[in-house]
Amino acid sequence: MNAPLIGNYPDATGHFGPYGGRYVGETLIAALTDLEAAWREAQDDPGFMSEFRAMLKHYAARPTPLDFAARLSDHIGGARIYLKREDCAHTGAHKINNVVGQGLLARRMGKRNVIAETGAGQHGVATATIAARLGMSCKVFMGAEDVRRQAPNVLRMRLLGAEVVPVTSGTSTLKDAMNEALRYWVAEVEHTFYIIGTVSGPHPYPAMVRDLQRVIGDEARRQMLEQVGRLPDLLVACVGGGSNAMGLFYPFLDDPCAMLGAEAAGEGLDTPHHAASISGGSPGALHGAMTYLLQNDEGQIHEAWSISAGLDYPGVGPEHALLHDLGRVQYQGVTDREAVEAFQLLCRFEGIIPALESSHALAAAIREAGKRPKTDAILVCLSGRGDKDLEHITAYMKANP
Amino acid sequence: MNRIDLTFAKLAAANRKALVAYLTAGDPDFDTSLAILRTACASGVDVVELGVPFSDPTCDGPVIQAASERALRAGMSLSRSLRLAAALRETVETPIVLFSYYNPLFKYGLARIAEEAASAGVDGMLVVDLPPEEAGPLADALAGRSIHLIRLAAPTTRPDRIRMLADGAGGFLYLISRTGVTGTGGLDYDEVARHAALVKSLCPHPVCIGFGISHGNDAHALAPLADGIIVGSALVRLIADAPSGTDLPERVAAKIRELRDGMDASPVS
Ligand SMILES: Cc1ncc(COP(=O)(O)O)c(C=O)c1O
């Protein structure tokens, strides 16, 4: 590895090499400039950061465990698989880390209203949770199709006092929810804080969300050294927008560890039905950033496709685009079927019901473990728990025996 | 001379304001769209903004979103939008501004779009999600061609930045009248007047006000504040109301006359 990657990106203008930046209408520029300044000040304020850490500990239940999947590893018969158990965090996914940070930042900036987009509903639930905790009003934009397939999370958001706004434009999934959240934000920008749920969007979001999620990797790195006595040979995480993956990978970027991002390959990368923006897309600008997108030759965005609502997005965070181009992280597709198989294996062998998103990471890890010796260690980000997916996955297994 | 510059020079000499009309290319289909555009140019439109339909128009409200969807369903694309511009250019000298999101232009290739837009007779480009900080590559591609890169200023834009935007503006500066996406209504005339006065004082180029202008009344109130007004959703809505209507060009022309009458009834500032 050559120049260090940690601390080097983004540059002063919010670019990760040719990616990232700020591709938004002029109306939002002032808000993004203010947010960037407020975030920089908050990061340098020991009071803010210690409140953030205290809330992660006492409210979000961190640190989450590093857990050796002994029976699963034996069953595969290759490398040993370690799970970073983000499913144990409050609200059941890594999304809470980012939201605690942005929620506190919103309060610091004097904003009383927060909005969010959500796909699987985990980010929406996390945002509704923090809004309740901090006494803010909360609106969550969610594709009508996702409202249907992630019904339990819709109920949770409503119980937490949030308004869920079903979005029926476009393809009625995550990208359309983000379109609608941006449209709402541009109208209400003076009083509203937009809590973006992943490492995408205009600068400073990709860097800010990464810095809030890196607690995953910071903890895991320490836990590997303490519990296993060494760093992992390979890190694996699923990549929707890419926040759990950036959170895990970032603190290891300058270590001699291989990294693998699992993208949703839906029905296969050779079909039009997938959501693998890096493996099956090309560069372009969407939702404020230059990155890899699923699109046609004339720049119209394709509908993404995945069994997993949280990965069903035709773009990816710009830092992943750079890490791909640099060859620092490998990105591979995992099909719906492979993810469901991995889901079942983790249920049966470890007594853990993973989220469908996280099952993509597991499937990629299982594939790699089979090729590697027992002396290798693979660290997987188990980004969330699967309670939200039970109905959906049961239907899938019935239809695809 | 660039047709936009020529138009604003002529209007200024005649003490008149510009009426800029936005229409989505290919809405509801290529031929009807061309007929509407031709009639609009003959009915008092000074500058045409031709909107390239995009799958994810995050700066647009429901009216223009729906127009984009109609056009895309009818097979519209960036390359066909250029063909539409070229077809319009065969019969009119009205300046044409290609109005787009960045992704279609970027994906098409910036050198290629610059060349093809120039040969289609396009006079300006306005890219809604491309602030000057990101516009270097497109500006480079357009260098040496008679195509202005039109900039936007918003109600949230602060004086230092207005100055920066104005300094590099080409053609005219598009002043967004209110926060929010495109669409009709929501205008606070006093608020717009305050901001327009600030922008006018800082901008050496013509300034046109857009977003929310729907009726002759709006045109009457806002035209005196700047060098022109921009109308989009109010025209596009007429297509949404009757996409298969054979009298669409005439209905759009009637709306344009209403707006023009409103403007011309204004006491000129
Ligand atoms: C459990 C879980 N994992 C992963 C994701 C994908 O998001 P990201 O790639 O930002 O981690 C989601 C998104 O909803 C999720 O709920």
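The values are calculated or read from the model by the stated rules, or taken from the named source; none is laboratory data. Everything quoted here is computed from the prediction, not taken from an experiment. Glycine gets a Cβ as well: all are built from the backbone with ideal geometry, and neighbour counts include every protein chain shown. Quick note on the areas: whole protein, heavy atoms, side chains included, nothing else; ligands and nucleic acids left out. Shrake-Rupley method; radii C 1.70, N 1.55, O 1.52, S 1.80 Å.
Considering amide H positions built from the backbone, and no H for Pro or chain starts, which residues 5 or more places from B:ARG151, or on another chain, come under 5 Å of its amide H?
The list, which skips near neighbours in sequence, is B:GLY170, B:PHE172, B:TYR174.
Roughly how big is chain A's charge dipole about its Cα centre, with Cβ charges of +1 (Lys, Arg) and -1 (Asp, Glu), in debye to the nearest 20?
1160 debye
Go through region B:116-128 residue by residue and turn each phi into a ³J(HN,Hα) via Karplus (6.51, -1.76, 1.60, θ = phi - 60°); whole Hz please, and just put x for glycine and proline.
Couplings: 6, 5, 4, 6, 7, x, 7, 10, x, 10, 10, 10, 4 Hz.
Can you give the three extents of the C-alpha atoms in region B:3-264 along their principal axes, from longest to shortest, in whole Å?
43, 40, 34
So how far apart, in nm, are the two label points at B:GLU191 and A:THR375 if each is 7 Å from Cα heading toward Cβ?
The modelled label-to-label distance comes out at 6.9 nm.
Hey, what number do you get for the protein assembly as shown at 222 nm if only DSSP H runs of n ≥ 4 count, each worth -39500 (n - 2.57), divided across all residues, to the nearest 500?
Here the helix-only value at 222 nm equals -13500 deg cm²/dmol.
When we measure straight from the Cα of A:LYS388, which lysines land under 18 angstrom away, once same-chain ones fewer than 8 places off are left out?
A:LYS95, A:LYS398
What does region A:68-180 give for Rg and for Dmax, in Å, if only its C-alpha atoms count?
Spelled out, the Cα radius of gyration and Dmax of region A:68-180 are 16.7, 54 Å.
For B:LYS255, give me every one of the lysines with a C-alpha distance below 19 angstrom, ignoring sequence neighbours fewer than eight places off in its own chain.
List returned: B:LYS17.
Please list 3J(HN,Hα) in residue order for region B:38-51, calculated via the Karplus relation 6.51 cos²θ - 1.76 cosθ + 1.60 where θ = phi - 60°; whole Hz, with x for glycine and proline.
Computed from phi, the couplings for region B:38-51 are 4, 5, 4, 5, 7, 10, x, 7, 8, 9, 9, 9, 9, x Hz.
Can you tell which of A:SER358, B:PHE211, A:ILE130 lies farthest toward the positive end of the dipole of the protein assembly as shown, using +1 and -1 charges on the Cβ of basic and acidic side chains (Lys, Arg; Asp, Glu)?
With unit charges placed on the Cβ atoms, the residue in question is A:ILE130.
Please list 3J(HN,Hα) in residue order for region A:5-20, calculated via the Karplus relation 6.51 cos²θ - 1.76 cosθ + 1.60 where θ = phi - 60°; whole Hz, with x for glycine and proline.
Karplus values, whole Hz, x for Gly and Pro: 9, 6, x, 9, 10, x, 6, 4, 9, x, 9, 9, x, x, 9, x.
With the contact rule set at Cα under 8 Å and sequence spacing of 6 or more, what percent relative contact order holds for region B:180-226?
52 percent
Would you mind working out the accessible area per residue for the protein assembly as shown, using a 1.4 Å probe, and quoting it in Å²?
Heavy-atom SASA per residue in the protein assembly as shown reads 34 Å².
For a bin width of 10 Å, list the pair-distance distribution of region A:152-204 built from all Cα-Cα distances, rounded to whole %.
Pairs per bin, as whole percents: 21, 49, 29, 1.
If I stretch the segment between A:ASP270 and A:ASP254 completely, what's the gain in nm (0.36 nm per residue apart, minus their alpha carbon distance), one decimal?
2.4 nm
Please name which of A:GLY281, A:GLY201, B:LEU110 has its Cα lying farthest along the dipole of the protein assembly as shown towards the positive end, using unit charges on Cβ (Lys, Arg +1; Asp, Glu -1) and the Cα centre as origin.
Projecting each Cα onto the dipole axis, the largest value belongs to A:GLY201.
For region A:4-59, how big is Rg over Rh, using alpha carbon atoms and the Kirkwood form of Rh?
Ratio of gyration radius to Kirkwood radius for region A:4-59: 1.08.
Quick one: which bits of region B:87-116 get at least 50 Å² less accessible when the partner protein chains are in, versus the chain alone, with a 1.4 Å probe?
Buried on complex formation: B:ASN103, B:PHE106, B:LYS107.
Along the charge dipole of the protein assembly as shown, pointing to its positive end and built from +1/-1 on Cβ of Lys, Arg, Asp and Glu, which listed residue (A:GLY20, A:GLN150, B:TYR174) has its Cα farthest out?
A:GLN150
So what's the gap between the Cα centers of region B:81-144 and region A:1-66, to the nearest angstrom?
With region B:81-144 and region A:1-66 each reduced to a Cα centre, they are spaced 35 Å.
If you take the C-alpha gyration tensor of region A:281-392, multiply each eigenvalue by 5 and take the square root, what semi-axes do you get, largest first, in whole Å?
That gives 28, 19, 11 Å for the three semi-axes.
Percentage of Cα-Cα pair distances in region B:96-194 greater than 19 Å, rounded to whole percent?
45 percent
Using the Cα atoms of chain A, I'd like the radius of gyration and the largest Cα-Cα distance, Dmax, both in angstrom.
19.3, 56
In whole Å, what are the extents of region A:179-283 along the principal axes defined by its C-alpha atoms, from largest to smallest?
Result, largest extent first: 52, 40, 20 Å.
Can you list residues whose amide H is under 5 Å from A:VAL380's amide H, if they're 5+ apart or on another chain and H is modeled 1.01 Å from N?
Distant-sequence amide H within range of A:VAL380: A:TYR82, A:LEU83, A:LYS84, A:VAL236.
At q = 0.08, 0.12 Å⁻¹, what log₁₀ I(q)/I(0) does a Debye calculation on the Cα points of the protein assembly as shown give, no solvent, two decimals?
Computed log10 I(q)/I(0) values: -0.60, -1.19.
From largest to smallest, what semi-axes in whole angstrom does region B:1-111 give when each is the square root of 5 times an eigenvalue of its alpha carbon gyration tensor?
Value: 25, 15, 14 Å, ordered largest first.
Measuring from a point 7 Å past the Cα of A:ALA399 along Cα-to-C-beta, which residues in region A:142-169 have an amide N at less than 14 Å?
A:145-146, A:148-150, by backbone N distance to the label point.
Let me know the mean shielding of B:55-65 by other chains, meaning the per-residue number of their Cβ atoms within 10 Å of its Cβ.
Mean partner shielding for this stretch: 6.
Mean separation of Cα pairs under 8 Å and 6+ residues apart, divided by the residue count of region B:101-168: what relative contact order is that in percent?
Reported relative contact order: 34 percent.
Only Cα pairs within less than 10 Å get springs; with that Gaussian network setup on chain A, which residue of A:GLY197, A:GLY229, A:GLY268 has the largest fluctuation?
Judging by the Gaussian network model, the answer is A:GLY229.
With a 1.4 Å probe and all protein chains kept in place, how much accessible area does A:PHE48 have, in Å² rounded to the nearest 10?
For A:PHE48, the solvent-accessible surface is approximately 10 Å².
If you average the alpha carbon positions of region B:185-204 and of region A:325-401, how far apart do those two centres end up, in angstrom?
What the calculation gives is 55 Å, centre to centre.
Using the crude model of +1 on Lys and Arg Cβ and -1 on Asp and Glu Cβ, and no other charge, please compute the dipole size for region B:3-264 relative to its Cα centre, in debye to 20.
Using Cβ point charges on Lys, Arg, Asp and Glu, region B:3-264 gives about 220 debye.
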